[in-house]
Ligand code: GBH
């Protein structure tokens, strides 16, 4: 269905983008410039770059990365507290003990969201605030922080989207059960999810289960670069992956059983992204097959309720122990799929081999953003949601994260002119717009991140925020990209 759009006059357009106050002489065609050519571009902007009515624009953060206040009001320690305090674990030796102090400054942060015109906020709930020991007695003071936050959001007309697990596992569960190496942790996660859904679903209508299963599995338990810093065997890693998927499924069921009617739940995955190197029907099909195979232990098993043949064959004797009932739980129907989208993992070409696809190696010259893992490939924003919608007939998708870090040095006038971030966002959002215009069912977009925060093992060295944070004084300052995002939200079109 083609979406109706409004054509703006030059004056209307100027008023929308905020130039009207500057007077006509400040319009793009300045005095002394001949204006004999045809109107180009600006009048048609909303037609080319508009999003569906009601598209949800938001920003995202996670508890450990922003809250600080790690021992306030009865919060228990998490595996990330332990890990960050381990010498050598974090690039700049920092911890998130105080982070951005969002725990105390949340009212100011809600005002920052409001000033962007954002209508939604994706945050995560710290399990060790709610259950300091992971299981057992809840800590009402811990949940109260989220009650205060929800009230503040509601007072400003901002809809909450809550992630139940963004990697801050209660340390007690690591000590007691071995964390995700044990299915007991998956069960404990479900009990925690039930408790939270019961108490918050009067206001929270959208829950995400686990943020990026792959990273907590691979980096947390494979390379040891993330908490809990384990380096397991392949068999051990496959078992952790299974328990994490099981935790997702059990949490979906818990939210359904304990949330109010109409509470919606789904994952927030950083799917391995597969881009057709050249857009031909054969390559598109190959990229879809690659997406299915390369996410076999994550989205594919969640959506299909089985491990693919290739996954099991490749794992061989290291395949995870599991039951048919586990697979049924893991594939509990979800209401939407959340996708964190950053970088193209693979450019794919069709191939005459058993798998039907080949992965192109990255040339050394492929560009990178400040974080060296972040290769800019805006088209990943189009292809990943499209593959997910087509492979599994998914009817509702949210982009749960997208953004980039930058060097973000304030200029002499104090402004952070982060035009690299603006370039990145403009191009990714243009691809997002293509997706929505072609009918990929994407309901909203959460920019990572509202503000600079603790970037895991990179400490404070990678800044992803629209707002610059001085980590000494905790002062927030809008970067130029905040204006870009405000403009985009106001026009519901790529600015
Ligand atoms: C997300 O991960 C996280 O959800 C969020 O908390 C984080 O702050 C944000 O993105 C920015 O990074 O170091 O070479 O092993 C993004 C996807 C996948 C990016 C794993 C880093 C590790 C690359 N991440 N990847 S490497």
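Using alpha-carbon pairs under 8 Å, 6+ residues apart, how would you state the relative contact order of the chain in percent?
Over the chain, the number comes to 17 percent.
Give me the one-decimal nm value for the distance between modelled label points at residue 434 and residue 355, 7 Å along each residue's Cα-to-Cβ direction.
My value for the distance between the label points is 2.4 nm.
Please determine, in degrees from 0 to 90 and to the nearest 10, the orientation of helix 102-116 with respect to the longest principal axis defined by the Cα atoms of the chain, where the helix direction is its Cα long axis.
30 degrees
Using only Cα atoms, what Kirkwood radius does the stretch 305-460 have, in angstroms?
For the stretch 305-460, the Kirkwood estimate is 18.6 Å.
Please determine, in degrees from 0 to 90 and to the nearest 10, the orientation of helix 480-491 with respect to the longest principal axis defined by the Cα atoms of the chain, where the helix direction is its Cα long axis.
80 degrees
For the chain, place one equal point scatterer on every Cα, skip the solvent, and apply the Debye formula. What is log10 of I(q)/I(0) at q = 0.06, 0.07, 0.08 Å⁻¹?
Log-scaled intensity ratios, in q order: -0.27, -0.37, -0.49.
I'd like the FRET efficiency for residue 392 and residue 36, computed as 1/(1 + (r/R0)^6) with the beta carbon distance as r and R0 of 60 Å, rounded to 0.05.
That gives a FRET efficiency of 0.65.
From the helices alone, meaning DSSP H stretches of at least four residues, give me the mean residue ellipticity at 222 nm for the chain, per-run term -39500 (n - 2.57), in deg cm²/dmol to the nearest 500.
Calculated mean residue ellipticity at 222 nm is -11500 deg cm²/dmol.
What is the distance in Å between the Cα centres of the stretch 242-279 and the stretch 421-457?
19 Å
How big, on average over all directions, is the shadow cast by the Cα convex hull of the stretch 201-297, in nm²?
Computed as one quarter of the Cα hull surface, the answer is 8.5 nm².
Label-point separation (nm) for residue 108 and residue 309, each offset 7 Å from Cα along Cα-to-Cβ?
A separation of 5.9 nm, rounded to one decimal place.
On a C-alpha basis, how far is the centre of the stretch 97-123 from the centre of the stretch 458-479 in Å? Whole number, if you could?
Comparing the Cα centres of the stretch 97-123 and the stretch 458-479, I get a distance of 13 Å.
Provide the gained length on full extension for the span residue 372 to residue 325, in nm with one decimal, where the gain is 0.36 nm per separating residue minus the Cα-Cα distance.
Stretched fully, the residue 372-residue 325 segment lengthens by 12.8 nm.
Given labels modelled 7 Å from the Cα in the Cβ direction, how far is it in nm from residue 73 to residue 473?
Between residue 73 and residue 473, the label points sit 2.7 nm apart.
Measure nothing fancy, just the Cα-based angle from helix 140-155's long axis to the longest principal axis of the chain, in degrees from 0 to 90, nearest 10.
The helix 140-155 is inclined about 20 degrees to the chain.
Take peptides 190-201, 408-419 and line them up by average Cβ neighbours within 10 Å, highest first, as a rough protection proxy.
190-201, 408-419
Rounded, prolate or oblate, given the Cα gyration tensor of the stretch 239-397, with a/c below 1.5 counting as rounded?
Since a/c reaches 1.5 and a/b is larger than b/c, the shape of the stretch 239-397 is classed as prolate.
Would you please put 155-163, 288-296, 121-129 in order of how densely packed they are, using the mean number of other Cβ atoms within 10 angstrom per residue and starting with the highest?
Per-residue mean Cβ counts within 10 Å order the peptides as 121-129, 288-296, 155-163.
None of the figures in this text is laboratory data; all of them are computed from the coordinates on show. In this text, all values refer to a predicted model and were calculated from it rather than measured experimentally. Note that each Cβ is placed from the backbone with ideal geometry, even for glycine, and that neighbours are counted across all protein chains shown.
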